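A.B. asks: Take this structure, written in structure tokens, and hold onto it; I'll ask about it next.
All of the numbers you see were taken from the coordinates with simple rules; none came from a lab. Here the structure is a predicted model, which means the values were calculated and not measured. Cβ coordinates were reconstructed from backbone atoms using ideal geometry, including for glycine residues, and neighbour counts include every protein chain displayed.
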Amino acid sequence: MSVSLASPLSSPVRSPGSARLGRKAASAGRERPALDNRGVTLPPLAPASLLSRLRPLARRVGLGSLSGCGLGAIDGTLPAIVRRGEVASLVGVKRCRSPWVCPHCAPRLAARRAEVLRPQVASLLRQGYRPWLVTLTLRHNRNSSLDELFGLLGKAWSRLTSGRQWASLKSAGVEYVRGYDLTHGENGWHPHIHAVFLFSSQVADPSAEAQRLLMRWIAAIRSLGGDVLRDGIDAQPCADAEKAARYAAHLSGVYEASAGVKKQCKSLTSRTVFDLAQAAVRGDEVAAGLWSQYAVATKGRRALVCSQGLSLAGEGDASEDAAEIEAQQALEEPAETVAVIYPAALVRVDPYMSELLEAAARSASDCRAALTRILGPPAFGVWRPSG
Ligand SMILES: [Zn+2]
């Protein structure tokens with residue numbers, strides 16, 4: 001077994017950057033823009049528009065928290081559109097906090113978690129730890145159920161991080177962050193693990209340990225009845241704390257929190273979940289079906305876990321239920337309140353939220369003019385300009 005594994009495994013553990021450059025070159029010029037049914041290129045919808053248009057689909061698959069994200073006021077507060085610099089946002093509303101499906105919450109959670117992890121990874125680097133970015137995949141086909149694939153990944157991960165060999169590595173010193181990434185393509189769902197392993201200075205040969213982890217991954221998946229394509233697994237050293245933190249925390253295709261710019265999926269044929277959501281709300285029934293499968297399969301799953309030596313938002317690894325979004329909003333205390341929107345009017349402004357935020361980012365008066373067009377002049381119980 002070791003002979004048959006030695007050759008394919010020697011190639012996945014590459015020198016820094018080599019795999020990435022290879023993939024980039026292979027996919028250069030193949031970015032696939034969103035097309036409508038007449039082949040016209042459509043720009044991606046802004047997160048607030050996408051969320052608004054996803055609500056009916058979210059309701060249909062029983063995701064009440066997503067369908068109501070941003071539509072209810074936090075107890076004791078009045079929702080408001082606020083502006084800080086050139087960035088506008090709606091604050092004072094309850095959010096779903098889904099790291100998987102929400103166009104509003106997922107990128108913010110990912111950014112927040114990467115931010116929380118970065119100084120911890122940097123601190124381990126200073127203590128002599130060496131981070132490795134590891135991609136763990138499994139073989140799948142068009143008929144593989146996403147739920148089963150997630151189940152298999154989860155069980156194999158448990159095997160990887162338990163047992164005698166893991167205990168021995170752990171006693172030398174290892175920490176990890178485990179995230180997921182996922183696309184859908186010609187061969188169906190492709191969920192995979194993005195993990196960062198940090199090996200302490202007591203680990204004599206991190207490269208050999210990374211190879212051993214890949215070998216143990218293959219063995220774990222096979223013992224569970226699955227298979228692994230060796231080209232799909234990968235381990236690379238990484239000395240950049242920020243890159244390492246983002247690697248595990250971000251689902252590809254998630255909106256960038258600050259700019260609202262979508263990362264394009266680099267493959268010609270595979271789509272990210274956010275590509276699927278964009279297509280679904282524009283009437284693509286197949287994409288809507290796939291997005292629904294994804295929403296159901298990820299419900300209640302932990303997107304990110306880490307070892308005991310690392311912590312997410314100081315709340316251990318149970319932070320998905322914690323008030324991270326509110327904490328983030330508190331950090332971004334508004335410089336200017338543009339308009340107060342009473343809770344009863346939130347549903348009415350929801351379809352226009354992207355336009356309102358864009359207007360608010362330009363100027364308070366632009367936003368107030370837009371609100372007057374949508375809701376009429378300021379009125380008690382509807383909205384009022386602030387200040
Ligand atoms: Zn949300």
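A.B. asks: Can you tell me how much longer the chain between ALA239 and ARG301 gets when fully stretched, taken as 0.36 nm per residue apart minus their C-alpha distance, in nm with one decimal? Can you show the working numbers first?
C.D. replies: Details: separation 62, 0.36 × 62 = 22.32 nm, distance 2.96 nm.
Net length gain for the segment: 19.4 nm.
A.B. asks: In percent, how large is the relative contact order of segment 72-165, given Cα pairs closer than 8 Å and 6 or more residues apart?
C.D. replies: Taking the mean separation of contacting Cα pairs over the length of segment 72-165, I get 12 percent.
A.B. asks: I want to make sure I understand the PRE zone here: with the label point 7 angstrom from the Cα of ARG139 toward its beta carbon, which residues in segment 204-239 have backbone N atoms less than 19 Å away?
C.D. replies: Answer for segment 204-239: 214-234.
A.B. asks: Once you order the gyration tensor axes a ≥ b ≥ c over the Cα atoms, which shape class does segment 48-188 get: rounded for a/c under 1.5, otherwise prolate or oblate by comparing a/b with b/c?
C.D. replies: On the way: a/c = 2.66, a/b = 1.41, b/c = 1.88.
Here segment 48-188 falls in the oblate category.
A.B. asks: Residue-wise, which Karplus ³J(HN,Hα) couplings in Hz belong to segment 289-301, taking 6.51 cos²θ - 1.76 cosθ + 1.60, θ = phi - 60°, and x for glycine or proline?
C.D. replies: Result, rounded to whole Hz: x, 5, 4, 4, 4, 4, 4, 6, 5, 9, 4, x, 7.
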